[in-house]
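Structure below; questions to follow.
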């Protein structure tokens, strides 16, 4: 077996694998003898089929399979031993440089193209300056959070008339174009949450109405989309298309939210017994919690800014022609050259960032240790339990659950990506110069979009 490399340019190379009979004959003969023991050929008892007949019937297929194994093993071993950093996988040369005769097996030569990972430097240091946006935790933001918490622990009570915060219980009746009741049409009781009604004209037509009042509306204007509208009318989503856009809504009840009282009972529900004693401590706690909550969002904005800047400024050349051929050959579904051209820029951008991230990790010895990944996964599971108000299980059971999650290829990959991004963000914050900027919540939300 002889494997050689021939560089085409800085990003492309050819690998030739020369195979002699001694590299494959023994394995081919062994496999054919196994076939001979089990082959069922008319006129011969199992195990007594002449070797020559088995060779004639199965020889080429077995030779092809064994050559494929030998060549692939040699190819991968050569790449690993020589520490060749490749992109994608080797692909058979498009120049048809195959040498050999399956009818008269002797020496064979297989030629493969490989795409080489580019060499580049990532210029990122304390000389690089980035804005680090933080949300101003002002009185309005704290007030809104307190109202949301009071609403969450409040109770529904009957209201006299509709305002922009109530829930309307109503009967929906489908109408004809002339606003007469449609015979055999939809008749269904449901609810309208005024906070989700965005159409100003529709909202104005509902505000001030009382029990017994009737209003004609398009269900799509008082719902959160097709799925919600279908549930509102008691039909399947695919049945919406044939329905009228005019429905008579008769208000049967109006329910308003009575906010929970600001007292120790509410504080205990929110933070535990004795953690918060009065409104002053409540406001301080909420301010602190909001500041902590927004750190993750601030970090994401910083990471995005650094990502875009580094991606633009770091020159990363790719073996584009090779990668396009590799994408076409490795795709499970047939893909056209036009599709590849249309999607390649996005693919190349993602690949460049993977290479840049890998370079940052390697140069700065940033690693994802198994213990870290396990601890991070367990932390995610604990947070999930907490969201549902459930205590986390014992560590042994939690560890088993984390292992099951990580064994799921898709979930495991997602968790590794999340932890990698977290480590990358930490590196950015410790490496570059941050210019802290306090902005309003609304400005922050707009930036995050």
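Tell me, 365, 66, 265 in order of fewest to most beta-carbon neighbours within 10 Å?
Lowest to highest Cβ neighbour count: 365, 265, 66.
What FRET efficiency comes out for the pair residue 224/residue 244, r = Cβ-Cβ distance, R0 = 25 Å, nearest 0.05?
Once rounded, the FRET efficiency stands at 0.80.
Quick one: angle between helix 21-38 and the longest Cα principal axis of the chain, in degrees between 0 and 90, rounded to 10, please.
80
Quick one: Kirkwood hydrodynamic radius for segment 155-258, alpha-carbon pairs, angstrom, one decimal?
Evaluated on segment 155-258, it is 13.8 Å.
For labels at residue 376 and residue 191 in the simple 7 Å Cα→Cβ model, what's the distance in nm?
For residue 376 paired with residue 191, the spin-label model returns 4.0 nm.
Next question, about the same structure. Any chance you could give the angle, 0 to 90 degrees and rounded to 10, that helix 279-313 forms with the longest Cα principal axis of the chain?
On a 0 to 90 degree scale, this one is about 40.
Could you state the orientation-averaged shadow area of the convex hull built on the Cα atoms of segment 276-448, in nm² to one decimal?
15.4
Fully extended, how many nm does the chain gain between residue 76 and residue 362 (0.36 nm per residue separation, minus their Cα-Cα distance)?
Between residue 76 and residue 362, full extension yields 100.7 nm more.
May I ask you to compute the full-extension gain from residue 320 to residue 147, defined as 0.36 nm times their residue separation minus their alpha-carbon distance, rounded to one decimal in nm?
Between residue 320 and residue 147, full extension yields 56.7 nm more.
Summarise the long-distance tail of P(r) for segment 361-448 by giving the % of C-alpha pairs beyond 19 Å.
57
OK, next. Report the calculated FRET efficiency for residue 156 and residue 236 (r = Cβ-Cβ distance, R0 = 30 Å), to the nearest 0.05.
0.55
Using only the Cα atoms of segment 358-400, construct the convex hull and provide its projected area averaged over every direction, in square nanometres to one decimal.
Result: a mean projected hull area of 3.9 nm².
For residue 199 and residue 329 in one chain, what is 0.36 nm times their gap in residues minus the Cα-Cα distance, to one decimal in nm?
41.7 nm
Principal axes first, then extents: for the Cα atoms of segment 31-101, list largest minus smallest coordinate on each axis, whole Å, largest first.
Principal extents (Cα only, largest first): 54, 25, 17 Å.
Connecting C-alpha atoms closer than 10 Å in a GNM of the chain, tell me which of 118, 42, 21 has the biggest fluctuation.
Comparing 118, 42, 21 in the GNM, the peak value goes to 42.
By how many degrees, 0 to 90 and rounded to 10, does the Cα axis of helix 370-387 deviate from the longest principal axis of the chain?
Once rounded, one gets 30 degrees.
Which value in deg cm²/dmol, rounded to the nearest 500, describes the helix-derived mean residue ellipticity at 222 nm for the chain, given -39,500 (n - 2.57) per DSSP H run of n ≥ 4 and division by the residue count?
Rounded to the nearest 500, the figure is -16500 deg cm²/dmol.
Give me the Debye-computed log₁₀ of I(q)/I(0) at q = 0.11, 0.14 Å⁻¹ for the chain, equal point scatterers on Cα only, no solvent, two decimals.
Taking Cα atoms of the chain as identical point scatterers yields -1.13, -1.36.
Bin all alpha-carbon pair distances of segment 10-168 at 5 Å intervals from 0 and give each bin's fraction as a whole percent.
Once binned at 5 Å, the Cα pair distances of segment 10-168 give 1, 6, 10, 10, 8, 7, 6, 5, 4, 4, 3, 4, 5, 5, 5, 7, 6, 3, 1, 0.
Here's another thing I want to ask about it. May I ask for the Kirkwood hydrodynamic radius of segment 76-160, worked out over all distinct Cα pairs and given in angstroms to one decimal?
21.3
Among 361, 102, which comes first, then next, by fewest other beta-carbon atoms within 10 Å?
102, 361
No lab work stands behind these numbers, since they all come straight from the coordinates. Quick caveat: nothing in here was measured; it's all calculated off a predicted structure. Note that we place each Cβ from the backbone using ideal geometry, even for glycine, and neighbour counts take in every protein chain shown.
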